[in-house]
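Report on one structure; see the data block that follows.
The values are calculated or read from the model by the stated rules, or taken from the named source; none is laboratory data. If you're wondering where the values come from, they're calculated on a predicted model, not measured in any experiment. As a convention, Cβ positions derive from the backbone with ideal geometry for all residues, glycine included, and neighbour counts pool all protein chains shown. Accessible surface is based on the protein model in full, side chains and every heavy atom, while ligands, DNA and RNA are left aside. Shrake-Rupley method; radii C 1.70, N 1.55, O 1.52, S 1.80 Å.
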Amino acid sequence: MVGLAGIGRAKYTTGTRLGTSAGLGWKGLLAERWTHSEGDLGEVEPRDMEVIVQLRGRLHVRRRGDGRLEHRDSGPGSVWLCPAGVREDMIHLYGKVRESVHLYLPAMPLSATALSEIDADLRNVAVQYKGGFRDPLVERVARAVRAEMLDPAPGGKLLVETLAAALGVHILRQHANLEHSPLPSVRGALDCRRLQRVVDFIEARLGEDLTIEALANEACLSPFHFARAFKAATGTAPHRYLLDRRIGQARVMISEDRLPLSEIANACGFSSQAHFTRWFRRIVGVTPGVYRARVG
């Protein structure tokens, strides 16, 4: 997967960026939250696939790119695609975008990984330049990524990387010059041997910065199929499994010794004691300090 340094976002000359995922350590996807007032946005040419999902505000959009002029009404849930390298020489907003999420998927991993999943010829596939349409899956991904930006979860990077892989496959399946067909079917649940290998890998590295790619490699699957096969085998998505195991390990450590909570937080993969406390209370129902008092 490509890191943030390999992802080129669009350069907007107007508007206000509300937030960015840069610095969160995500691989394979960069996300930004934007607001725009009425008027011209300037020329835009993303180096990688740009997927915009409007979350708040209603307006009319006039834009031109890839030799096409579009007039579209846009409201909450509207999706806008701009493939890598397509220059938009005119974007005018008639109204205000109160908030939108911009997702950038690196072009080469998107092509190489996702196309291998749908058995298509890279040379004959092009993502469509289009906007102002609805796509529930794309909207759900954008909202999940936004939530992760605002409140990063332990294992949240696994979630984002899983969503990025699924989004790439979905866009190429539904919004490129390919015949529409369902997403690739699950190749079955992980067999016991591969599942145990992945579980052992996670258990030995609960405090480390795990990626979906590393877990998928243990199972000898692509990230897209691994996430689906892991959930089929366990009933739990990889990011949620990791969170539950980190909380489980923390409970054991709190019960067995008197290590400072800050050290337990670090050993279980939380970014800080405050982060640990917040998520421990969400899952267990009480703070680590209260839990220690009860089991001590």
Report task. Output the number of residues of the stretch 265-283 satisfying the condition of being open to solvent by 70 Å² or more (accessible area, probe 1.4 Å) and not in a helix (DSSP H, G or I). Result -> 1
**Report entry** Qualifying residues in the stretch 115-171 (those that are among the acidic types (Asp, Glu) and either surrounded by fewer than 19 Cβ atoms within 10 Å (Cβ to Cβ) or modelled with pLDDT under 90 (or both)) - the one nearest to TRP279 (Cα to Cα)
**Finding:** ASP151
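Considering only residues of the stretch 224-246 that are among the hydrophobic types (A, V, I, L, M, F, W, C) and surrounded by 22 or more Cβ atoms within 10 Å (Cβ to Cβ), which is farthest from GLY25 (Cα to Cα)?
Going through the stretch 224-246, the residues among the hydrophobic types (A, V, I, L, M, F, W, C) turn out to be 224, 226-227, 229-230, 232-233, 237, 242-243.
Pick out the ones that are also surrounded by 22 or more Cβ atoms within 10 Å (Cβ to Cβ) and you get 224, 226-227, 229-230, 242-243.
Numbers: PHE224: 20, PHE226: 21, ALA227: 20, ALA229: 25, PHE230: 23, LEU242: 17, LEU243: 17 Å.
Result: ALA229.
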Query raised in the report: Do the conditions hold for ARG17, that is, is it touching a strand residue (DSSP E or B) at 6+ places or on another chain (Cβ under 7 Å) and modelled with pLDDT of 90 or more?
Result: yes
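Considering each residue of the stretch 224-257, count those that are outside any helix (DSSP H, G or I) and touching a helix residue (DSSP H, G or I) at 6+ places or on another chain (Cβ under 6 Å), and give that number.
Residues of the stretch 224-257 that are outside any helix (DSSP H, G or I), as a first pass: 235-237, 257.
Narrowing the set further to residues that are touching a helix residue (DSSP H, G or I) at 6+ places or on another chain (Cβ under 6 Å) leaves 237.
Residues that pass the stated criteria total 1.
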Query raised in the report: Would the stretch 201-223 turn up any residue that is more than 25 Å from the chain's Cα centre (by Cα), part of a helix (DSSP H, G or I) and buried (at least 17 other Cβ atoms within 10 Å of the Cβ)?
Result: no
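For the stretch 18-106, please list each of the strands (runs of 3 or more DSSP E) lying entirely inside it that holds at least 1 residues being under 30 Å from GLY155 (Cα atoms) and among the basic types (Lys, Arg).
Details: elements: 30-36, 49-56, 59-65, 68-74, 78-82, 88-95, 97-105.
Ranges flagged: 30-36, 49-56, 97-105.
When you scan the stretch 39-65, how many residues do you find that are open to solvent by less than 60 Å² (accessible area, probe 1.4 Å) and either under 14 Å from LEU93 (Cβ atoms) or among the aliphatic types (A, V, I, L, M) (or both)? Don't jump to the end; show me each part of the working.
Our first condition is that a residue be open to solvent by less than 60 Å² (accessible area, probe 1.4 Å); within the stretch 39-65, this holds for 39, 41-42, 44, 46, 48-55, 57, 59-61, 63, 65.
If we keep only those that are either under 14 Å from LEU93 (Cβ atoms) or among the aliphatic types (A, V, I, L, M) (or both) as well, we get 39, 41-42, 44, 49, 51-55, 57, 59-61, 63.
Selection size over the stretch 39-65: 15.
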